[in-house]
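Take a look at the structure below.
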């Protein structure tokens, strides 16, 4: 049994429920025969990937849905072997070069050259070029991006690239200027409500508009998350009403508990306890940025207005440190300690900032 | 006889759909060429708005002697175009291949390549021009040296650069080097002192405008009023970027047009004049392509940052920022636009501006390091709000 997210994923441009003008634009690009390199960016859960898959289908017909997974082995200059997974159909190929970390340049160079140098042999194919979809393009190293830029120009008859990224900040300017930027905004809460309503209808579940609204609000305009929440509520409750509680994901619940502890007791002992919780989160592969961000917003909601900018300031500061440093736990702990300190100072009325 | 045969064949082909496909592919190849390449200046005179440099180079062209050169300046100001145009007019099509070696950052350019490929090319004896008539020589001076163009030289490693320096001197009889880079400070001193330097300044608006107008006319584009100004503004002195934006916009406008035509052709074969409703390029479409955040959104953010009585600005700012991030606007773009907005606001006293700019600088560094956009932007806006409150 597939999850709702996968089962109800729209397969064609017509089936997409929101951003109609964007779908129209993609359709006309696909039909025009002159398809540029694309750089699709937007927050997660906004439907970037779904739109791209639908566009590919518009370009090549249903053939793109027959996908297979290959494992390829690449050899780096220092003779290290890299295993790399490629999802491909006859017409397109999907890669996540960030998987191989610093060696992504090797993969990009070898793989793209190989694709670019082979002509489309299938005469019935609608397009002469093959499309390579690169996931998480904003995690590519500078070297890999520099290697991309020449490839994009040199092999443009046989190859089109679609880059997917969460933000364009980490994409170097030469790449940005060579691609057509497509912004996919997150769906509004109204869009999410209507999507949930459609999902409920398709599944034959009872509708609860109030609940839909609450889910939309809770999900932070992330449709994937909204659908997962929606499904879990229906799975847990026999009868769903407008007031059914929305169970938060367990990691979020844990962070909530942590936040409560921090606020209740500000002492080295409690810091020690928080540390074990943070370790727990990290060993369950919750990204440190997510941990810090969620914790910050939970804390900010509970402190006085005057303190909020200060908390955000330090949170941003330590988040930056996390990105630069190598040992994540130091910076998370430092943030907690810092927060305890400013909160304590504030409570004791010795504000100096 | 033969002509009718071919005619018949052509006619038969025209009946089937294959001819349509052929003309389409031909159209494709011309259309697929980036306009940046298509409208690259062919001669030195075409290079826009670098009068000083082109004048000096014209003179060297007449004297048929060239120093080693170092071109530097911001991107999209015509450095590569200038050297390519110069090389073309020096050697012409017949000798271009044998006399020019062009290497850029995407080619492997470590110390090995410098020692091997560059040195070999620099060392090779000149191929004598044979079979060139007097007219050709009158047009192209064909001086007795080769040119090695190292594009984006600032991304070469220090080692590779120092390996170059002796090579440059030893073979200066038959080889000239031209280094092209953005930051002259990244070129090691021994190399820089061996070259005569040319600075390319940012394009002024009129020159860029003329060029964009030209391209629009040649491509038969319909532009809304103010599109050229928007392009120049979004390009920020980078003509290449402005041209790419123009092409993308034309694609979108044109794509909707051809898309409509195809659909119509299927339903109604007699509908032929699709050119009548050609897409018009609007200011908004350019801004969307460039990722510029619309003014109203920025207004609401600035509004939220204004001090309001005793209440903290936190809630107002946080709502706007959350929406901004969810809408996918790029944080770098936001920081840039907000900066311009704040710095040019007359009502903010200078002492506050000083502090605000400090916050901007720190945030820019964080974003480059890949810090989380939501937190960074929130921090920045809250700090500004705090400073504005005094």
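The values are calculated or read from the model by the stated rules, or taken from the named source; none is laboratory data. Fair warning: this is a prediction, and the values are worked out from it, not measured in the lab. For neighbour counting, all protein chains shown are included, and Cβ atoms are generated from backbone atoms with ideal geometry for every residue, glycine included.
From the list A:352, A:333, pick out the single residue that is more than 9 Å from chain B (Cβ to nearest Cβ), modelled with pLDDT of 90 or more and either buried (at least 16 other Cβ atoms within 10 Å of the Cβ) or part of a loop (DSSP other than H, G, I, E, B) (or both). Break it down stepwise before answering.
Values: A:352 fails: modelled with pLDDT of 90 or more.
Only one candidate qualifies: A:333.
Can you name the residue in region B:187-208 that is assigned to a helix (DSSP H, G or I) and modelled with pLDDT of 85 or more and, of all such residues, is surrounded by the fewest Cβ atoms within 10 Å (Cβ to Cβ)? Steps first, please.
If we filter region B:187-208 for residues that are assigned to a helix (DSSP H, G or I), which is where we start, we get B:189-192, B:205-208.
With modelled with pLDDT of 85 or more added as a condition, the list becomes B:189-192.
Details: B:189: 8, B:190: 13, B:191: 20, B:192: 17.
The selected residue is B:189.
Got a sec? Which of B:332, B:381 is buried (at least 18 other Cβ atoms within 10 Å of the Cβ), touching a residue at least 12 places away in the same chain (Cβ under 8 Å) and facing chain A (nearest Cβ under 7 Å)? Explain how you work it out, then say what you get.
Details: B:381 fails: facing chain A (nearest Cβ under 7 Å).
The match here is B:332.
Within region A:86-101, does at least one residue satisfy the condition of being at pLDDT 85 or above, within 14 Å of chain B (Cβ to nearest Cβ) and part of a helix (DSSP H, G or I)?
no
Take residue A:272 and decide whether it is within 27 Å of the chain's Cα centre (by Cα) and at pLDDT 90 or above. Full working, then the answer.
Details: within 27 Å of the chain's Cα centre (by Cα): no; at pLDDT 90 or above: yes.
Taking the combined requirement at face value, the residue does not satisfy it.
Can you confirm whether region A:21-28 contains a residue that is surrounded by 13 or more Cβ atoms within 10 Å (Cβ to Cβ), in a helix (DSSP H, G or I), in contact with a helix residue (DSSP H, G or I) (Cβ under 6 Å, 6 or more places away or on another chain) and free of Cβ contacts under 8 Å to residues at least 12 places away in the same chain?
Residues of region A:21-28 that are surrounded by 13 or more Cβ atoms within 10 Å (Cβ to Cβ), as a first pass: A:22-28.
Then drop every residue that is not in a helix (DSSP H, G or I), which leaves A:22-28.
Applying the additional criterion that residues be in contact with a helix residue (DSSP H, G or I) (Cβ under 6 Å, 6 or more places away or on another chain) yields A:23, A:26-28.
Going one step further and asking which of them are free of Cβ contacts under 8 Å to residues at least 12 places away in the same chain, we end up with A:28.
Within region A:21-28 (the criterion being surrounded by 13 or more Cβ atoms within 10 Å (Cβ to Cβ), in a helix (DSSP H, G or I), in contact with a helix residue (DSSP H, G or I) (Cβ under 6 Å, 6 or more places away or on another chain) and free of Cβ contacts under 8 Å to residues at least 12 places away in the same chain), the answer is yes, since at least one residue qualifies.
Enumerate the helices (runs of 4 or more DSSP H) found wholly within region A:222-318, keeping only those where 2 or more residues are closer than 30 Å to residue B:387 by Cα. Show your work before the answer.
Numbers: elements: A:223-236, A:250-264, A:268-283, A:288-302.
Counting at least 2 such residues, we get A:250-264, A:288-302.
Going through region B:361-378 one residue at a time, which ones are free of Cβ contacts under 8 Å to residues at least 40 places away in the same chain and either within 13 Å of chain A (Cβ to nearest Cβ) or buried (at least 20 other Cβ atoms within 10 Å of the Cβ) (or both)? Spell out how you get there, then give the answer.
Taking region B:361-378 and keeping what is free of Cβ contacts under 8 Å to residues at least 40 places away in the same chain, we get B:361-372, B:375.
If the condition is that a residue be free of Cβ contacts under 8 Å to residues at least 40 places away in the same chain and either within 13 Å of chain A (Cβ to nearest Cβ) or buried (at least 20 other Cβ atoms within 10 Å of the Cβ) (or both), then B:362, B:363, B:364, B:365, B:366, B:367, B:368, B:369, B:370, B:371, B:372, B:375 are the ones that fit.
Taking into account only those residues within region A:122-136 that are modelled with pLDDT under 85 and within 13 Å of chain B (Cβ to nearest Cβ), which is surrounded by the most Cβ atoms within 10 Å (Cβ to Cβ)?
Out of the qualifying residues, it is A:129.
Checking residue A:112 against (1) modelled with pLDDT of 80 or more; (2) within 14 Å of chain B (Cβ to nearest Cβ); (3) surrounded by fewer than 20 Cβ atoms within 10 Å (Cβ to Cβ), only one condition comes out false. Which one?
Failed condition: (3).
Tell me, which residue of region A:177-210 that is at pLDDT below 80 and outside any loop (DSSP other than H, G, I, E, B) is nearest to the other protein chains (Cβ to nearest Cβ)?
So, considering only residues that are at pLDDT below 80 and outside any loop (DSSP other than H, G, I, E, B), the one nearest to the other protein chains (Cβ to nearest Cβ) is A:177.
Quick one: in region A:29-47, which of the residues that are more than 9 Å from every other protein chain (Cβ to nearest Cβ) and either closer than 28 Å to residue A:188 by Cβ or without any contact (Cβ under 8 Å) to a residue 40 or more places away in the chain (or both) is surrounded by the fewest Cβ atoms within 10 Å (Cβ to Cβ)?
Here the answer is A:44.
Quick check on region B:224-233. Is at least one of its residues away from chain A (no Cβ under 14 Å), within 26 Å of residue A:34 (Cβ to Cβ), buried (at least 16 other Cβ atoms within 10 Å of the Cβ) and free of Cβ contacts under 8 Å to residues at least 40 places away in the same chain? Spell out how you get there, then give the answer.
Pass one, region B:224-233, residues away from chain A (no Cβ under 14 Å): B:224-230, B:232-233.
Pick out the ones that are also within 26 Å of residue A:34 (Cβ to Cβ) and you get B:224, B:227-228, B:230, B:232.
Then drop every residue that is not buried (at least 16 other Cβ atoms within 10 Å of the Cβ), which leaves B:227-228, B:230, B:232.
Keeping just the survivors that are free of Cβ contacts under 8 Å to residues at least 40 places away in the same chain gives B:228, B:232.
Yes, region B:224-233 contains a residue that is away from chain A (no Cβ under 14 Å), within 26 Å of residue A:34 (Cβ to Cβ), buried (at least 16 other Cβ atoms within 10 Å of the Cβ) and free of Cβ contacts under 8 Å to residues at least 40 places away in the same chain.
Looking only at region B:339-352, decide whether some residue is surrounded by fewer than 20 Cβ atoms within 10 Å (Cβ to Cβ), at negative phi and at the interface with chain A (Cβ under 10 Å from one of its Cβ atoms).
Within region B:339-352, none of the residues are surrounded by fewer than 20 Cβ atoms within 10 Å (Cβ to Cβ), at negative phi and at the interface with chain A (Cβ under 10 Å from one of its Cβ atoms).
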